[in-house]
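Asks: Dumping the structure here so I can ask a few things about it.
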Amino acid sequence: MILTQLIFGITGGLLFAIGLRSALVRESLLARILAVNISGAGVFLALVAIAYRGLEETPDPIPHALVLTGIVVAVSATALALALRRRLEEADDE
Amino acid sequence: MEITLWHLLDALLAILLLGLAWSALSGSDLRRGVVLFMAFGLLLSLVWARLRAPDLALAEAAIGAGLSGALLLLALRDSEKPGNRTVQTPPLLQLATLLLMLLLAASFALAYVTAVTGNNGDRLAGLAFGNLEQSGVSNPVTAVLLNFRAYDTLLELAVLLAATLGILALGAERRPFRKPGLLLGGLVTWITTLLVMVAGYLLWAGAHAPGGAFQAGALLAAAIVMLRLGGMTSEGLPVSRLLRWLLAAGIAAFMLTGYLATFLDLAFLQYPEGRAGLLILLIESAAMLSIAFSLGLAYLGGSPSGWEKSSSKGSPS
């Protein structure tokens, strides 16, 4: 394992953990959506760190493609979650 | 392991990332949290560049920091019930949460170490690089996305379409913005033109350099957001029927190509020899439009007000 991989692997794990914890304990829906996004970023970071092979070597393109897919899925899920939240707030107001 | 200046940079980036994530999550002020999250996204795109993933850096800067941030900022306008504090959970549940976290963290660490050090057998990377010549493109990430693992990308477009349909079903769009002054209006026109041009370049460049349908689609979506912010009435969106077709264009192009291949006695989504580059460009163009209009509609937050209420009645807002 390269030191860079170790550093970003640990960072990814920590981001995953603090994001997940906030998503579980926060009350505000918007804060939860934000927390899930940060948690997902942690997973992406770990995946890209796995793909990293050093400064000179070309990294593994498959995790990169996975993460690229993941980023787009994450934003569409966020958008749907925000639309659902808006609908919920409207329903509460009525 | 030898420690160089690069590792210092890595440590700095890692600490900044963690600090930004922590302050984005811990404060009770949601507006502050969202702005910090956008900064987090920008920093993350720097990290992707550092880890030699320029395709991801482009996508993250446009989507993670840009569009997600814009969506979250917009959501701040919706009324939020008071109570941004932490839920008062009973101690037993807190303990259970902590245990769950520890368990998940341990599995995460285990999976990571196995993935990095468990080097037995062939890696997919070797296969991908070995077949790059035949894939029709020279950017390995594009080759994986649209040739080797095209099935995944097809399903991803389906996810995007499903999310968009969900948003459309949830109600009408938000109130549009008021028209800005002459100066800002002019600026919006300039930037929109620039965004469309850069999106076209990224789509074309994706075959041999960082870029591709996702990044280009995100930039086009950014153009839609700009027009919306500039108070344009139709946000550059086409009329409803055309828009519906465009939302499905990515999947349609993909499926059509896949099925046409089966008529040529090839497998589903197997490109005929020598035609892969052209087919990939065609699919990517359609996918770019679908991604752009899906994300643009997400910013509108619901079905455009111009759409006739044909099926179920929209929410009375």
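The values are calculated or read from the model by the stated rules, or taken from the named source; none is laboratory data. From a predicted model like this one, the values you see are computed outputs, not experimental measurements. Glycine gets a Cβ as well: all are built from the backbone with ideal geometry, and neighbour counts include every protein chain shown.
Asks: Only residues in segment B:262-291 that are surrounded by fewer than 16 Cβ atoms within 10 Å (Cβ to Cβ) count as the first member; pair them with residues that are among the polar types (S, T, N, Q), Cβ under 6 angstrom, at least 6 apart or cross-chain, and list the lot.
Replies: Once the first residue is surrounded by fewer than 16 Cβ atoms within 10 Å (Cβ to Cβ) and sits in segment B:262-291, its partners that are among the polar types (S, T, N, Q) give B:PHE268/B:THR262.
Conditions tested, residue by residue: (1) assigned to a helix (DSSP H, G or I); (2) within 30 Å of B:LEU300 (Cβ to Cβ); (3) within 15 Å of the chain's Cα centre (by Cα); (4) at the interface with another protein chain (Cβ under 7 Å from one of its Cβ atoms).
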position	(1), (2), (3), (4)
B:LEU9	yes, no, no, no
B:LEU12	yes, no, no, no
B:LEU17	yes, no, no, yes
B:LEU20	yes, yes, no, no
B:ALA57	yes, yes, yes, no
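Asks: How about segment B:87-147: which helices (runs of 4 or more DSSP H) wholly inside it have at least 2 residues that are over 24 Å from A:ALA41 (Cβ atoms) and more than 10 Å from chain A (Cβ to nearest Cβ)?
Replies: B:91-117
Asks: I'd like to verify a number: residues in segment B:22-55 that are under 22 Å from A:LEU6 (Cα atoms) and not in a helix (DSSP H, G or I), how many?
Replies: 3
Asks: Which one of B:ARG85, B:ARG32 is at pLDDT 90 or above and not aliphatic (A, V, I, L, M)?
Replies: It is B:ARG32.
Asks: Now a separate question. For segment A:37-54, how many residues meet the condition of being among the aliphatic types (A, V, I, L, M) and within 17 Å of A:ARG21 (Cα to Cα)?
Replies: Count: 3.
Asks: Out of the residues in segment B:19-61 that are of a type in the set (Phe, Trp, Tyr) and out of contact with any Gly (no Cβ under 8 Å at 6 or more places or on another chain), which is surrounded by the most Cβ atoms within 10 Å (Cβ to Cβ)?
Replies: Going through the qualifying residues, I end up with B:PHE40.
Asks: Kindly indicate which of B:LEU182, B:LEU161 is modelled with pLDDT of 85 or more and not polar (S, T, N, Q).
Replies: B:LEU161
Asks: Check off (1) closer than 27 Å to B:ARG244 by Cβ; (2) in a loop (DSSP other than H, G, I, E, B) for B:ILE280 and give me the number that stays unchecked.
Replies: Going through (1) closer than 27 Å to B:ARG244 by Cβ; (2) in a loop (DSSP other than H, G, I, E, B) one by one, B:ILE280 breaks only (2).
Asks: Would you check if B:LEU71 is crowded, with 21+ Cβ neighbours inside 10 Å, modelled with pLDDT of 95 or more, facing chain A (nearest Cβ under 8 Å) and closer than 15 Å to A:ILE71 by Cβ?
Replies: no
Asks: Something else: Could you list all residues from segment B:214-268 that are in a helix (DSSP H, G or I), more than 20 Å from B:GLY166 (Cα to Cα) and β-branched (Val, Ile, Thr)?
Replies: B:THR257, B:THR262, listed by residue number.
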